[in-house]
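Undergrad: Structure provided below as structure tokens; questions to follow.
The values are calculated or read from the model by the stated rules, or taken from the named source; none is laboratory data. Just so it is clear, the model here is predicted, and its values are computed rather than measured. Glycine also receives a Cβ, built like all others from the backbone with ideal geometry; neighbour counts cover every protein chain displayed. Only protein heavy atoms, including side chains, enter the accessible area calculation; ligands, DNA and RNA are left aside. Shrake-Rupley method; radii C 1.70, N 1.55, O 1.52, S 1.80 Å.
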Amino acid sequence: MRLTQFRELMEGEFGAVRASSLARDHVFAELGGRTVEQALEFGYDARDVWRAVCAAYDVPPARQ
């Protein structure tokens, strides 16, 4: 998954403002105690980060 696609999925699911806030502020245990932004900078694959977000926020399978 490309980073641009990841950003589009985040904004589509949460809206631009909330997606940005969530990416900066929410710490995910599934990402080693990192935020989305930290995990991506650390080298996590965008698809794995998206899966962690989906799991934490109960995103329906059809939108995953």
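Undergrad: Filter segment 30-64 down to the residues that are open to solvent by less than 60 Å² (accessible area, probe 1.4 Å) and part of a helix (DSSP H, G or I) and list them by number.
TA: 31, 36, 37, 39, 40, 46, 49, 50, 52, 53, 54, 56
Undergrad: Restricting attention to segment 6-29, does a residue exist that is open to solvent by 70 Å² or more (accessible area, probe 1.4 Å), among the polar types (S, T, N, Q) and without any contact (Cβ under 8 Å) to a residue 24 or more places away in the chain?
TA: Among the residues of segment 6-29, not one is open to solvent by 70 Å² or more (accessible area, probe 1.4 Å), among the polar types (S, T, N, Q) and without any contact (Cβ under 8 Å) to a residue 24 or more places away in the chain, which makes the answer no.
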